[in-house]
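The values are calculated or read from the model by the stated rules, or taken from the named source; none is laboratory data. These numbers were taken from a predicted model, which means no experiment stands behind them. Every residue, glycine as well, gets a Cβ built from its backbone with ideal geometry; the counts of neighbours run over all protein chains shown. These area figures cover heavy atoms from the full protein model, side chains too; ligands, DNA and RNA do not enter into them. Shrake-Rupley method; radii C 1.70, N 1.55, O 1.52, S 1.80 Å.
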Amino acid sequence: MKRVMNISTGILRRGSSCVIGVILICAVAIVHGADKPPKYTVEEIMKAVFKGEDSTSKKIVQGKAVPTDYDKLVEYLSALPLNDPPQGDAAGWKQKTTTLLDAAIALKAGKADALTQYTKAVNCQACHRTYRPD
């Protein structure tokens, strides 16, 4: 019986060590990933998705988008909350850009009220007044 107890105690200790090791590895990976710059800068995102009369965003709002437009929108907007705001409050930036990304994801998924959600979230002037440098 004593031998069984020693074996089970040893397994528990090794199991706890494994769990702690996995947690540490995950923590290092998260911290290391946070050091990587976003895939696209704010300027690149604005040019790729919002700039021009035939922009991806305008095609979507006008109902002229094709599936690849939704893919492009989500890809670029996924990097937006990862960027620091050019100026202004970082917490507000994170909230606004995440709301915009969530709306883009809903559009791509074809959710019923997604276009309304997106047009509300894509308020260029409100964002530019707060975060765009003069």
Problem - Failed condition for G92, given (1) without any contact (Cβ under 8 Å) to a residue 24 or more places away in the chain; (2) in a helix (DSSP H, G or I); (3) among the small types (G, A, S) - result: (1)
Practice task
Tally the residues that are in a helix (DSSP H, G or I) and either open to solvent by less than 20 Å² (accessible area, probe 1.4 Å) or closer than 16 Å to C124 by Cβ (or both), restricting the search to the stretch 54-73.
Solution key: 8
Exercise for the section: Determine, yes or no, whether A126 is surrounded by fewer than 15 Cβ atoms within 10 Å (Cβ to Cβ), in a helix (DSSP H, G or I) and in contact with a helix residue (DSSP H, G or I) (Cβ under 9 Å, 6 or more places away or on another chain). Expected result: yes
Handout entry: Contacts under 6 angstrom Cβ, first residue in the stretch 99-116 being closer than 14 Å to D71 by Cβ, partner aromatic (F, W, Y), 6 or more apart
Key = L107/Y70; L107/Y118; K108/Y70
